[in-house]
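Everything on this sheet refers to the single structure shown next.
Each value in this text was obtained by applying a stated rule to the coordinates, not by laboratory testing. Since we're looking at a predicted model, the values are computed, not measured. Note that we place each Cβ from the backbone using ideal geometry, even for glycine, and neighbour counts take in every protein chain shown.
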Amino acid sequence: MKVLIIEDELQLAANMVSYLSGQNYVCELASDYSQALAKISSYRYDCILLDLMLPGGNGLSILEELKRLKKEDGVIIISAKNALEDKISGLELGADDYLAKPFHLSELSARVFSVIRRRSFANANIIQHGELTVNLPAKIVEVCGKTVVLTKKEFELLIFFIGNRGRVISKSAIAEHLSGDLADMLDSHDFIYAHVKNLKKKLSDAGCGSYLKTLYGNGYKWDI
Amino acid sequence: MGHMIKLLDKPLRAFTTYSMIVLLCSIPAYFIIIDLIWVHEINEHNQLVAEATKKNLVRLNSDQTQLLAAISLWNTLQPETKIQPVRALKNDSTYNVYRKDNYNADGGYDRFQGLVTYVEINRQPYSLIVEANVEESYETIIAITAITILFFIILLVGFIKLNKNISKRLWAPFYHTLQQIKAFNLSDDKVVQFAPNTIIEFQELNDSIARLMEGNLSTFKRQKEFTENASHELQTPLAIVQSKLDLLIQDDSITADQSRLIEETNNALSRVSRINKNLLLLAKIENQQFLAKQSINMSSKLSVMLELLANLIETRKIAFQVHAECQVEANSTLTEIMLTNLLMNAIRYTCNDAKLDISLFSDKLVVSNAGTYSLEEQKLFLRFGSTSVQTPGSGLGLSIVKEICDRHGWIVSYNFTERRHSFTITFNSA
């Protein structure tokens, strides 16, 4: 899977590359407008991470260029502005998702995962992890062919873990993923425990191996 | 401050007082002058009569008997004159008396001015008294006072009328300027346009005020821009720190202690991010970036929000009562943010088993929860006004609520009764 990171802040870009590379994505980097333009016209990417404020031009023009070239690359806008207009115009121009800075790398990875899956053909939309099968579009989870009924939050959580396979995810990243902006308002992330606990229990009751590990009581890791 | 009067009433009062004093002083002055003229003229008249009488008596050139008869006849026919023999000639003198006049029908007192002069006829000195009726002093003074009061009333009416006219024309630009200043609102970002004026002072006043306003507006604008820019600039370094922490926890050699440190750093970092996000939101609201309005049904909006919240607040009891449907004209995004902040604020301070009440009326929304002591209302809606070690929120949630209410012309208020905190949003019923 190829990911293009268009970001002028090199430290941030390097961290993104480092995290995503560990997820078996092949990452390329473009740090200004002309570089980005050159890369998108020459290659095909599964997902493009696009910072809107670039030296040499506006990120939205890159979206327009992609549209003009009739490219099918998935695009996630990454912006420091968190401006509603940017979000709306970006999504109208064909971006798949919008992520405001600052963000957790695990959140980024989960978004990349779902953008790529969403754009893939039907068979790639079914994740097979040993005895566990997840049908993404139908939102169906099966263990050894038996359906496990999950709540909406538990399903989101499972996909989040799978999208960050082999990575340690902090509690605050999970809280933000589950509650969105509401995480800002919550002092305690205790509500996560309940969701994680329920998910773990449902999976193991169905006979699924314990892939989800709790680390030092502060983070989680989906290991397979 | 004391007693306040309108600018234009001040000169009116002064003018009125001044003209009253002048007119009051004029009463004795007029009286004295008129009386003096009267007396002077009467004296002259008496003098003329006396001189003529004296000359005629001397010219008669009659003997003593004839003379006495003539004098007696004269005294009888002319009541206000009297000729009588005296011992010696003296200097002329005048007198002024009030006397009952026998010829006056109403029998009142009359005032007389008299002249006593002397003449020698046939070597016998005689005194000659000539009198004339003068206008009585009190009658003069009454007449003068009456006229003065009349003129004073005319002046007063004139002053008031003139004052009204002047205020309408001359001071109109001033009152116009005053209206403009009253209507001026810093956050509207609108410079007041003053009409050009032909009066130098008003033009200078308008120019100075316009300069002041522009200065204020640009300072305010710069401040807002600064907040927005600063928040933007902070997002990227925050993202770098966040991503570095995310990478750090991937390290297998991390100990439990280090992991705890990272998680604590993560929490502090989330708090910084959320403060920054909220500051940015406030700056955006102030910069009028949420202008689009639409009709919103409050009860359905609240239901949707409560459903979203349900995952996070399942342990808490929420009673949502709709007493009446409530439809408002508002910005949808801002309304959601306001409701979220209000609800989360209440949820945060509600114990697990306590009940949270949400009541919706046609013109207001009340969110209340149990509490132990009243909060400080003045500080509650200020930025960072309520932050403390005990409240780990961003310290901006309620000021965002207030800002959003201000934008929509709604009123947010807090009160603490029967050990319950309640926040009320009063929507514009109009």
Checklist entry - Of the lysine pairs in the range B:294-426, how many meet both conditions: Cα atoms under 24 Å apart, and a spacing of 8 or more in sequence or different chains? => result 10
Checklist outcome for this item: By the Cα gyration tensor axes a ≥ b ≥ c (a/c under 1.5 gives rounded; else a/b larger than b/c gives prolate, otherwise oblate), the shape of the range A:2-119 is rounded
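What longest region of chain A stays clear of chymotrypsin sites (Phe, Trp or Tyr not before Pro) that DSSP places outside H, G, I, E and B and that have at most 15 other Cβ atoms within 10 Å?
Between exposed loop sites, the widest span is A:122-224.
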Item to check | Whichever aspartates and glutamates have a C-alpha closer than 17 Å to that of B:LYS6, once near sequence neighbours (fewer than 8 apart) are set aside | outcome: none
Checklist outcome for this item: GNM of chain B, Cα pairs under 10 angstrom: of B:LYS284, B:LYS100, B:LYS379, the biggest fluctuation goes to B:LYS100
Checklist entry - How far is it, in nm, from the label point at B:ASN133 to the one at B:ASP110 when both lie 7 Å from their Cα along the line to the Cβ? => result 0.3 nm
Checklist outcome for this item: Taking chymotrypsin sites (Phe, Trp or Tyr not before Pro) in a DSSP loop with at most 14 other Cβ atoms within 10 angstrom as exposed, one finds the longest site-free stretch of chain B at B:104-372
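R0 = 41 Å: FRET efficiency of B:TRP74 with B:SER26, Cβ-based, nearest 0.05?
Details: r = 44 Å, r/R0 = 1.07.
After rounding to 0.05, the efficiency reads 0.40.
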Next on the checklist: If neighbour count is taken as other Cβ atoms inside 10 Å, put A:LYS101, A:LYS87, B:LYS10 in order from fewest to most.
Outcome noted: B:LYS10, A:LYS87, A:LYS101
Checklist entry - Taking the alpha-carbon set of chain B, what are its Rg and Dmax in Å? => result 49.4, 167
Checklist outcome for this item: Within the range A:28-98, DSSP-loop GluC sites (Glu not before Pro) with at most 12 other C-beta atoms within 10 Å are A:GLU72
Checklist outcome for this item: Close lysine pairs (the range A:1-103; alpha-carbon distance under 25 Å; 8 or more apart or on separate chains) counted at 19
Checklist entry - So, in nm, how far is label A:GLN11 from label B:VAL272 when the simple model puts each one 7 Å beyond its Cα toward the Cβ? => result 1.0 nm
Item to check | P(r) histogram, all alpha-carbon pairs of the range A:122-222 included - 10 Å bins from 0, percent | outcome: 15, 49, 30, 6, 0
Checklist entry - From the Cα gyration tensor of the range B:182-289, with a ≥ b ≥ c the square roots of its eigenvalues, which class applies: rounded if a/c is under 1.5, or else prolate if a/b is larger than b/c, or else oblate? => result prolate
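Please report the net charge: other residues with Cβ closer than 15 Å to the Cβ of B:ILE411, K and R +1, D and E -1. All intermediate terms of the calculation are to be shown ahead of the outcome.
On the way: positive: B:LYS364, B:LYS402, B:ARG407; negative: B:ASP363, B:GLU377, B:GLU403, B:ASP406.
Residues close to B:ILE411 contribute a combined charge of -1.
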Item to check | Whole-number D in µm²/s for the range B:1-47 (Stokes-Einstein; Kirkwood sum over Cα pairs; 4 °C, 1.567 mPa s) | outcome: 93 µm²/s
Item to check | Segment B:ALA319-B:VAL39, extension gain: residue separation times 0.36 nm, minus the distance between their alpha carbons | outcome: 90.6 nm
Checklist entry - In square nanometres, what is one fourth of the surface area of the convex hull spanned by the alpha carbons of chain A? => result 12.4 nm²
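Determine one quarter of the surface area of the Cα convex hull of the range B:9-159, which equals its mean projected area, and express it in nm² to one decimal. Display every interim value, and only then the final one.
Working: hull surface 47.7 nm².
With the hull built on Cα positions only, its mean projection is 11.9 nm².
Give me the inter-chain shielding for A:158-170: mean count of other chain Cβ atoms within 10 Å, whole number please. Please report the intermediate quantities before stating the final value.
Numbers: counts 0, 0, 0, 0, 0, 0, 1, 0, 1, 4, 10, 3, 12.
Partner Cβ neighbours, averaged per residue: 2.
When averaged across all projection directions, what area in nm² does the alpha-carbon convex hull of the range B:294-426 cover?
Working: hull surface 30.6 nm².
Projected area, direction-averaged: 7.6 nm².
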Item to check | Choice from B:HIS176, B:HIS40, B:HIS323 showing the highest fluctuation, given a GNM over chain B with Cα pairs closer than 10 Å | outcome: B:HIS40
Checklist entry - For a paramagnetic label modelled at 7 Å from the Cα of A:TYR193 toward its Cβ, which residues of the range A:141-182 fall within the zone defined by backbone nitrogen distances under 13 Å? => result none
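Taking only the alpha-carbon atoms of the protein assembly as shown, what semi-axes of the equivalent ellipsoid follow from 5 times the gyration tensor eigenvalues under a square root, in whole Å, largest first?
Taking √(5λ) for each Cα gyration eigenvalue gives 110, 28, 19 Å.
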Next on the checklist: Let me spell out the model: positive unit charges on the Cβ of Lys and Arg, negative unit charges on the Cβ of Asp and Glu, origin at the Cα centre of the protein assembly as shown. What dipole size does that give, in debye rounded to 20?
Outcome noted: 900 debye
Checklist entry - Straight-line reach from A:LYS221: which lysines have Cα under 19 Å away, leaving out those fewer than 8 places along the same chain? => result A:LYS153, A:LYS171, A:LYS197, A:LYS200, A:LYS201, A:LYS202, A:LYS213, B:LYS244
Next on the checklist: Under 13 Å between alpha carbons, and skipping anything fewer than 8 positions from B:LYS90 in its own chain: which aspartates and glutamates qualify?
Outcome noted: B:GLU120
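For B:ARG420 and B:ARG260, what does the FRET efficiency come to when R0 = 35 Å and r is the distance between their Cβ atoms, rounded to the nearest 0.05? Walk me through the numbers before you get to the answer.
Numbers: r = 38 Å, r/R0 = 1.09.
Once the sixth-power term is evaluated, E becomes 0.40.
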Checklist entry - Any idea how far apart A:ILE224 and B:THR219 come out in nm if each label point goes 7 Å out from Cα toward Cβ? => result 6.2 nm
